[in-house]
Amino acid sequence: MELPTNFKSKIASTFYDKTISILGETVTTELDGAVNKTHDTVTSTFKGNCKLSNFKQVQEEYGLDHEINIIVTCGTDVTITTGILFEYNGVRYETTDVVAFDSHQMIVGEKWHNQA
């Protein structure tokens, strides 16, 4: 079966309907030498599909033994790596895993708790 050239964009516009923000880290140093890190700056956004429950199958399939609080599927054009913070619906998550497929990628995240 031959798929039309715009197939990938049609799938994305149908299924990737949530906006996710990637957050940058800002580091400032106080006069007394104290270092402050904040993650309040949105460096980019992308569209994806968010799953907020039923993570057991993904944990078993990919051998993940850490807590999962969100799974985002999105296009392969999104650049994100582990350790990056992102925000969806007012909640911040840290990327723990990124799994690439032929037509999309899966971003796994854990709720982020500021270590400051």
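Search segment 7-36 for residues being hydroxyl-bearing (Ser, Thr, Tyr), closer than 24 Å to VAL72 by Cβ and at pLDDT 85 or above, and hand back the single one that is surrounded by the most Cβ atoms within 10 Å (Cβ to Cβ).
It comes out as TYR16.
Could you go through segment 95-108 and let me know if any residue there is at pLDDT 95 or above and in contact with a Lys or Arg (Cβ under 6 Å, 6 or more places away or on another chain).
For segment 95-108, residues at pLDDT 95 or above and in contact with a Lys or Arg (Cβ under 6 Å, 6 or more places away or on another chain): absent.
Does ASN49 satisfy the criteria of being in a strand (DSSP E or B) and not small (Gly, Ala, Ser)?
yes
Can you work out which of the residues in segment 37-58 that are more than 16 Å from ILE20 (Cβ to Cβ) and surrounded by 12 or more Cβ atoms within 10 Å (Cβ to Cβ) is farthest from the chain's Cα centre (by Cα)?
THR38
When you go through (1) over 15 Å from LYS111 (Cβ atoms); (2) assigned to a strand (DSSP E or B); (3) at pLDDT 90 or above one by one for THR82, which number turns out not to apply?
The failed condition is (2).
Mind checking which pairs have a first residue in segment 52-63 that is of a type outside the set (Lys, Arg) and a second that is modelled with pLDDT of 90 or more and in a loop (DSSP other than H, G, I, E, B), Cβ under 6 Å, 6 or more apart or different chains?
PHE55/ILE68
Take the conditions over 14 Å from MET106 (Cα atoms) and either among the aromatic types (Phe, Trp, Tyr) or in a helix (DSSP H, G or I) (or both) and apply them to GLU60. Does it pass?
yes
The values are calculated or read from the model by the stated rules, or taken from the named source; none is laboratory data. All values derive from a computational prediction rather than experimental measurement. Please note: Cβ atoms are built from the backbone with ideal geometry, for glycine as well, and neighbour counts cover all protein chains shown.
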